[in-house]
Amino acid sequence: MGGDFNACVNLTTRSCTCRVFDIDKIPCIHATAAAGLYRPQHTGSYIYSLCSEYYTSDYWMLVYAETIYLVPPESQWHNIPEEVRAIKVVEPDVKMFRGINSLPFTRRMYSQEI
């Protein structure tokens with residue numbers, strides 16, 4: 001994904017038409033090439049600056065700084081407040097999309113001879 005075709009990169013908005021840079025927040029192959037052309041002397045540090053803060057070691061240390069408590073098995077759940085038990089959780093109403101342009105599923109309408 002992302003390397004199969006030519007793409008248009010905007011380093012200012014950190015986006016690329018292959019959508020890898022937009023979604024993963026880490027430079028795709030197209031953005032890496034564009035960064036090399038834009039700053040050939042400092043390509044490595046410039047590419048690093050294009051990455052999201054979520055990929056930095058400081059951010060990961062902050063995420064795991066607090067204790068993460070495991071959820072015990074359901075058989076060990078005791079004293080659950082009634083208002084919590086009354087909450088009904090339903091799955092979100094999500095439409096499934098396909099294709100490059102994320103168009104919804106459509107049915108083909110065949111032409112009819114008159």
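The values are calculated or read from the model by the stated rules, or taken from the named source; none is laboratory data. As the structure is a prediction and not an experimental result, all values here were calculated from the model. Every residue, glycine among them, receives a Cβ derived from its backbone with ideal geometry; neighbour counts consider all protein chains shown. For the accessible areas, the whole protein counts, side chains as well, though only heavy atoms, and no ligand, DNA or RNA atoms are used. Shrake-Rupley method; radii C 1.70, N 1.55, O 1.52, S 1.80 Å.
Using only C-alpha positions, report the orientation-averaged shadow area of the convex hull of the range 21-92, nm², one decimal.
Projected over every direction and averaged, the Cα hull of the range 21-92 covers 8.7 nm².
How many percent of the accessible area of the range 1-74 is carbon or sulfur, using a 1.4 Å probe?
Roughly 58 percent, rounded to a whole number.
So, in nm, how far is label I23 from label S45 when the simple model puts each one 7 Å beyond its Cα toward the Cβ?
Placing both labels 7 Å along Cα→Cβ, they lie 3.3 nm apart.
If you add up the charges near K25, with Lys and Arg at +1 and Asp and Glu at -1, over every other residue whose beta carbon is less than 11 angstrom from its beta carbon, what do you get?
Net local charge, K25 excluded: -2.
Quick check on the range 5-46: what does the Kirkwood estimate of hydrodynamic radius come out to from the alpha carbon pairs, in Å?
10.2
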